[in-house]
Amino acid sequence: MSNKPRDKRMSIDEVVAELEDGMRIGIGGWGPRRKPMALVRAILNSDLKDLTLVSWGGADVGLLVRAGKVRKLVYAFVSLDSVPLEPNFQRARQAGAIPEVVELDEGMFQTGLRAAAQRLPFLPMRAGLGSDVMVNNQWLKTVTSPYDDAQELVAVPALNLDVALVHLNRADMHGNATYLGPDPYFDDLFCMAADRAYVSCEQIVDTAGLTVDTPVQRLLLSRMMVDGVVETPNGAHFTTCSPDYERDEKFQRAYAAAAGGTDEDWAAFEKRFLSGDEAAYQAEVRAFAEEQAK
């Protein structure tokens, strides 16, 4: 038996083959920023269903709820930033097409991931007290501090995940991964909150190369957190993956127009960009960029 770190490289299809109906899947990134969109697109084209999705949501949520793959959605927001409310999510929410929704305060969402990462049933916090979060989620409970202050606090339950999917700039074959942009978001918490975690990345490099162009403090994920690594160049498109690329605003506008338009508008967008594999998607994205440049 080798004592060397395991080679965890996988293909997109191999990751999706590890997923099962009904799983509780956490998707990293933040709104329209550094989402593992190549993996999301593969889920979209799979037979997976009845998923519980946990996300600071963007197009990942929009695509999967539009496809009817989400039984339960746990979220703090679902936005594309320059498009304030993700239009596929808006459509599904207004139509009551998501069977179960749990909307949490952003801080409560983070605390739930922290509790899961620390293998705790809950963590206490003040956020949510006196707000409609407690009214709309009456299953949330409070606890009283056992100390002299006797403060009442929200007992935020752990957001335990079966699987986490995240996207970073660079990774090695063992699962160590680093971000090069301005924000780690909470991808490490997603991975630690999950039984299994898969990271897609712009480039797989030698381990020593992970800190060539960035400080060691940006080594966000260790191989102990990660079960599989997928190299997916441009795999966060159309979300941002700074400094490798920024959000594709022209494509996002086309996506939002199709999602907010007629069923025929969406069917045409879906047929062109989402009906094939990742290579087909990237080819159509390049063709779209050329069209827009004329």
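The values are calculated or read from the model by the stated rules, or taken from the named source; none is laboratory data. Everything numeric here is computed off the predicted structure, so don't read it as measured data. All Cβ positions, even for glycine, are placed from backbone atoms using ideal geometry, and neighbour counts span all protein chains on display. Note: accessible area is taken over every heavy atom of the protein model, side chains too, but ligands, DNA and RNA are not part of it. Shrake-Rupley method; radii C 1.70, N 1.55, O 1.52, S 1.80 Å.
Things to note:
- Hits in the range 121-138 (condition: open to solvent by 80 Å² or more (accessible area, probe 1.4 Å) and modelled with pLDDT of 95 or more): P121, F122
- A residue that is aliphatic (A, V, I, L, M), more than 30 Å from T207 (Cα to Cα) and open to solvent by 50 Å² or more (accessible area, probe 1.4 Å) can be found somewhere in the range 146-162.
- Residue in the range 71-88 that is open to solvent by 20 Å² or more (accessible area, probe 1.4 Å), in a loop (DSSP other than H, G, I, E, B) and β-branched (V, I, T) present: yes
- Of all the residues in the range 186-210, those that are in a loop (DSSP other than H, G, I, E, B) and under 10 Å from G28 (Cβ atoms) number 1.
- Those residues of the range 89-130 which are among the acidic types (D, E) and either in a helix (DSSP H, G or I) or touching a helix residue (DSSP H, G or I) at 6+ places or on another chain (Cβ under 8 Å) (or both), in sequence order: E103, D105, E106
- Residue check for M173: closer than 25 Å to K8 by Cβ, open to solvent by 30 Å² or more (accessible area, probe 1.4 Å), assigned to a loop (DSSP other than H, G, I, E, B) and at pLDDT 95 or above: yes
- With respect to the conditions (1) hydroxyl-bearing (S, T, Y); (2) without any contact (Cβ under 8 Å) to a residue 12 or more places away in the chain; (3) open to solvent by 60 Å² or more (accessible area, probe 1.4 Å), Y245 lacks only one, and its number is (3).
- The residues of the range 248-271 that are over 21 Å from P36 (Cα atoms) and crowded, with 17+ Cβ neighbours inside 10 Å, listed by number, are A258, W266.
- S275 meets the conditions (1) without any contact (Cβ under 8 Å) to a residue 60 or more places away in the chain; (2) surrounded by fewer than 18 Cβ atoms within 10 Å (Cβ to Cβ) in every case but one. The failed one is (1).
- Residue in the range 61-69 that is more than 21 Å from G96 (Cβ to Cβ), in a loop (DSSP other than H, G, I, E, B) and not β-branched (V, I, T) present: no
- Residue in the range 7-29 that is surrounded by fewer than 19 Cβ atoms within 10 Å (Cβ to Cβ), polar (S, T, N, Q) and either out of contact with any Leu (no Cβ under 8 Å at 6 or more places or on another chain) or farther than 15 Å from A259 by Cβ (or both) present: yes
- When D183, D213 are checked against the criterion of being assigned to a loop (DSSP other than H, G, I, E, B), open to solvent by 30 Å² or more (accessible area, probe 1.4 Å) and closer than 25 Å to A115 by Cβ, D183 stands alone in meeting it.
- Output for the range 44-58, where each listed residue is buried (at least 24 other Cβ atoms within 10 Å of the Cβ) and more than 25 Å from T111 (Cβ to Cβ): none
- Residue list for the range 280-294, filter: open to solvent by 70 Å² or more (accessible area, probe 1.4 Å) and either aliphatic (A, V, I, L, M) or in a helix (DSSP H, G or I) (or both): R286, E290, E291, Q292, A293
- Answer residue from the range 230-242, given it is of a type in the set (G, A, S) and buried (at least 22 other Cβ atoms within 10 Å of the Cβ) and is nearest to P182 (Cα to Cα) among those: A236
- Residue under evaluation G261, criteria (1) without any contact (Cβ under 8 Å) to a residue 40 or more places away in the chain; (2) not in a loop (DSSP other than H, G, I, E, B), criterion not met: (2)
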